[in-house]
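Student: Here you go, one structure.
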Amino acid sequence: MAKLWGGRFSKNTNELVDAFNASIEFDKRLYHEDIRGSIAHATMLAKCGIIPKEDAEKIVAGLKDILKDIEAGNFNFDIALEDIHMNIEARLTERIGAAGARLHTARSRNDQVALDMHMYMKREVVEIAELLVQFEEALLTVAKKHDKTLMPGYTHLQRAQPITFAHHLLAYFNMLQRDFRRLLGVWDGADIMPLGAGAIAGTTFPIDRFFVAEQLNFGSVYANSMDAVSDRDYIIEFLSFASTLMMHMSRLSEEFCLWSSTEFGFIELDDAFATGSSMMPQKKNPDISELVRGKTGRVYGHLMAMLTTAKGLPLTYNKDLQEDKEGFFDAIDTLKFSLAVYSDMIKTMTVNVDRMREAVSKDFSNATDLADYLVRKGLPFRMAHEVVGKCVAYAIGEGKFLPEISLDEYKKFSDLFEADLLDALKPENCVAARTSYGGPAFTENDKQFVRGDEIIAAQKAKVEELKQKL
Ligand code: ARG
C-alpha cells in the first residue's frame, strides 16, 4: 500500500519498520472518534470556503459508509497504513477519489490524534462515572442492610473499637466520592479541543476552530497550538484518577480476602463470585478480590509509564507520544471490569452477622469506653487510661474479658466503678454513644444514609448532564 506521505521517499519501508511503527492494532478503537472528528473538520473546511461544498458532502457520506463498514466488520485494517487516521483516509480516497484527498487540508495527524483521544476520553469518563455510581450504590445498599451489624474496628489489624459494618462500608463510600470528584476533573482536562493546531504551528487557511469545537460539544479550545499537540496531561490525570480508585478497591479487596478467611469468617462470597482449587476440594478462593488487588499494580505501572514517557520530550509532537495509548486503554478496561464485577460481588456476598457480633463481644475493643466511663465520673482521661490498662492486664491474667470481671474486683482498681459499668461495656452502647460528627453511632449513620442517597442522585444528574456534552 502506498504511503500517504510517500512523496519524498524513493524506497519502500522495511517490513519490520512498518510493524514497529504501526499503532493500528491498538488505535483502531478510536475509529468512531476519528470519523466523527473528520466529519466536523470537513464541514468546517466547507463552511470556511477552504474546500468545495460538494467535496465536503462526498467526504461526509464516504466517512459514514466507512463507519458502517467498520461496525459490520467489513474493514481491512492495514498495518502499512500505520494508524487509524491513515487507514480511514486512504480508504476514503479510494472510494470517493480527489475529494477524499482534500480532507487533510489544514490538519495534521498530530492534532487529529489529539482530538480523537480527547473525544474518546470524554466518552469513557461518562461510562466510568456510571459504573462508579453503580458501585457506590451497591456499597450503600449493603451498608443500609447492616446498620445494626456490630463488628470490631481495627487499627494495626488489632481490634480497636466497636463499629458497625455499615460504618466500615461507608468509609469506602466516602472515598469513592472523592474519586467521582477527581473523575470530573479528568473530564475538564479532556474537554478542550485541539484540532486546528496542525502539526505544531496552526495553519495558513482561514479555519474556524470554534465551529469545530461547537460541532463536537467541546467546552473550550486550546489557546496555544504547540500545547495542543503535545499535551498529555489529561491522560496522566486519568491514570492518576484510575490508580487512586484502584488503590481504594485494592484496600477493600484485602479486607474481603481477610474477612472471607476461616480465621475471620466475617463474610462468605457467593459461589458465583468465588473459585475453587484444582487440587484441594475444600477450597473456595476470593480470586476476584485478589485480581482487583493484583491489577492495581498494572494501572500504577501505566501511570508511571506515561509520566516517564512525557518527562524527556521536547516540544512538540514526538513519536514517543504514540505510547500514550496502550496503557491508557488497558487502564480503562481494567478499571471498568473491576468496577462492574465488584458491584455484583458486594451485593451477593453473605455477611456473617453472628460471627462479627461474637468477635466484638469477645475482645477488649470496649476498653476505651470503660476509660470514658471513668472520665464521666470525674477522673482525668490519662489516669482513667492507666486504670483501665491495669484492668485489661488483670482480665488477661484471669483469662476473662472485661464484662466478666466482678464489681468487687473492679473496685480494687478504682472506687469510681459502679454496677452501671456493665452498660458502658456493651458493644451496642459503645457504638450508640459515639455520636460525634462522622462517628459510627446508629443515629449518625442514619444521617449518612440520607446524605448518601442525595449524593448518588446528584451524581446521576451530573452523568446525564455530561452525556449531553458528548
Ligand atoms: N499514530 C500516531 C500517534 O498515535 C498519530 C500521530 C502521528 N504523527 C506523526 N507525525 N507521526 O501518536
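The values are calculated or read from the model by the stated rules, or taken from the named source; none is laboratory data. What you see is a predicted model, and the numbers here were worked out from it, not measured in a lab. Virtual Cβ from ideal backbone geometry, glycine too; neighbours counted across all protein chains shown. Side chains included, ligands, DNA and RNA excluded: accessible areas come from the protein's heavy atoms. Shrake-Rupley method; radii C 1.70, N 1.55, O 1.52, S 1.80 Å.
Student: Look through segment 373-386, keep the residues that are of a type in the set (D, E, K, R) and under 13 Å from Phe417 (Cβ atoms), and return whichever of them is farthest from the chain's Cα centre (by Cα).
Tutor: Lys377
Student: Okay, next question. Being within 30 Å of Gly185 (Cα to Cα), more than 16 Å from the ligand (Cβ to nearest atom), in a helix (DSSP H, G or I) and open to solvent by less than 40 Å² (accessible area, probe 1.4 Å) narrows it down to one of Met117, Met44, so name that one.
Tutor: One residue alone meets the criteria, Met44.
Student: On to the next question. Which number in (1) open to solvent by less than 30 Å² (accessible area, probe 1.4 Å); (2) part of a helix (DSSP H, G or I) marks the one condition that Ser240 misses?
Tutor: Among (1) open to solvent by less than 30 Å² (accessible area, probe 1.4 Å); (2) part of a helix (DSSP H, G or I), Ser240 violates only (1).
Student: Let me ask something else about it. Quickly run through segment 69-93 and pick out the residues that are within 16 Å of the ligand (Cβ to nearest atom) and open to solvent by less than 30 Å² (accessible area, probe 1.4 Å).
Tutor: The answer is Ala80, Leu81, Glu82, Asp83, Ile84, His85, Met86, Asn87, Ile88, Glu89, Ala90.
Conditions (1) open to solvent by 40 Å² or more (accessible area, probe 1.4 Å); (2) within 12 Å of Ala40 (Cβ to Cβ), marked per residue:
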position: Gly196; (1), (2): no, yes
position: Ile200; (1), (2): yes, no
position: Glu214; (1), (2): yes, yes
position: Phe218; (1), (2): no, yes
position: Ser225; (1), (2): no, no
position: Ala228; (1), (2): no, no
position: Tyr234; (1), (2): no, no
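Student: Filtering segment 329-371 down to residues that are of a type in the set (Lys, Arg) and modelled with pLDDT of 95 or more, which residue is farthest from the ligand (Cβ to nearest atom)?
Tutor: Arg357
Student: Of the residues in segment 141-165, how many are crowded, with 22+ Cβ neighbours inside 10 Å, out of contact with any Ser or Thr (no Cβ under 7 Å at 6 or more places or on another chain) and part of a helix (DSSP H, G or I)?
Tutor: Selection size over segment 141-165: 1.
Student: From the set of residues in segment 260-289 that are in contact (Cβ under 8 Å) with a residue 24 or more places away in the chain and not in a loop (DSSP other than H, G, I, E, B), which is nearest to Val351 (Cα to Cα)?
Tutor: By that ranking, first place goes to Ile267.
Student: Another one. When residues of segment 309-328 are filtered for being part of a helix (DSSP H, G or I), within 12 Å of the ligand (Cβ to nearest atom) and not polar (S, T, N, Q), how many remain?
Tutor: 8
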